[in-house]
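Visitor: First the structure, then my questions, so here it is.
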Amino acid sequence: PTSVAPGQGKILQIVQASDTTSRTTTSSSYATLSSVLTVNITPASTSNKILVVLSVGGMGADAAATNSKCTVYRGSTDISPGSGLGFGDNNVNASHFYSGAGGCVLDSPSSTSALTYQFYMKSSNGNTARMNNGSISTLTCYEIKG
């Protein structure tokens, strides 16, 4: 366990974007599927952190054995936890299977410049991967005092 000094850990600002439009991709590389799921935030101090929370609704694919994966970039840097596997990894064993995906990561950008966090998604094998199949997706950034 890590202790937090007095005054640290406070939420300084919250910025959220949401998207309800159904979107698809066949790209095997991460693609900007939703330019709507973009958050711009400017930290007040280089010691502050950004808690990035992604929730993707109706994520899945149209064909069996397709992995639909999503992640978040800060600028050109993939901030997903673990080896670029992304926040969501839906292994579709049957056609037209959709579920939610998401996760969070505590980012340490060490910056007081404006930062852009952007949602990306890909398909593992060229089959159609989908998001927002009758649902909503959100990208929320919380600035946390360091």
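The values are calculated or read from the model by the stated rules, or taken from the named source; none is laboratory data. Quantities reported herein were computed from a predicted structural model and do not represent experimental measurements. Cβ atoms come from the backbone with ideal geometry, glycine included; neighbour counts cover every protein chain shown. We work out accessible area using only protein heavy atoms, side chains counted, and drop any ligands, DNA or RNA first. Shrake-Rupley method; radii C 1.70, N 1.55, O 1.52, S 1.80 Å.
Visitor: Whether any residue in segment 47-59 is of a type in the set (A, V, I, L, M) and at pLDDT below 85 is what I want to check.
Guide: There is at least one residue in segment 47-59 that is of a type in the set (A, V, I, L, M) and at pLDDT below 85.
Visitor: Now for a separate question. Taking Ser34, is it within 13 Å of Phe119 (Cβ to Cβ), buried (at least 19 other Cβ atoms within 10 Å of the Cβ) and out of contact with any Leu (no Cβ under 7 Å at 6 or more places or on another chain)? Walk me through how you get there before you give the answer.
Guide: Values: within 13 Å of Phe119 (Cβ to Cβ): yes; buried (at least 19 other Cβ atoms within 10 Å of the Cβ): yes; out of contact with any Leu (no Cβ under 7 Å at 6 or more places or on another chain): yes.
For Ser34, the condition - within 13 Å of Phe119 (Cβ to Cβ), buried (at least 19 other Cβ atoms within 10 Å of the Cβ) and out of contact with any Leu (no Cβ under 7 Å at 6 or more places or on another chain) - is met.
Visitor: Right, something else. Could you name every one of the strands (runs of 3 or more DSSP E) located completely within segment 1-66 that has at least 3 residues being over 24 Å from Lys145 (Cβ atoms)?
Guide: On the way: elements: 11-19, 23-25, 38-41, 49-61.
Correct list: 23-25, 49-61.
Visitor: Could you check how many residues of segment 1-25 are among the β-branched types (Val, Ile, Thr), open to solvent by 80 Å² or more (accessible area, probe 1.4 Å) and either touching a residue at least 60 places away in the same chain (Cβ under 8 Å) or under 19 Å from Lys69 (Cα atoms) (or both)?
Guide: 3
Visitor: Quick test for you: out of Thr20, Thr32, Thr77, Thr25, pick the one residue that is modelled with pLDDT of 85 or more and within 13 Å of Ser137 (Cα to Cα).
Guide: Going through Thr20, Thr32, Thr77, Thr25 in turn, just one is modelled with pLDDT of 85 or more and within 13 Å of Ser137 (Cα to Cα): Thr20.
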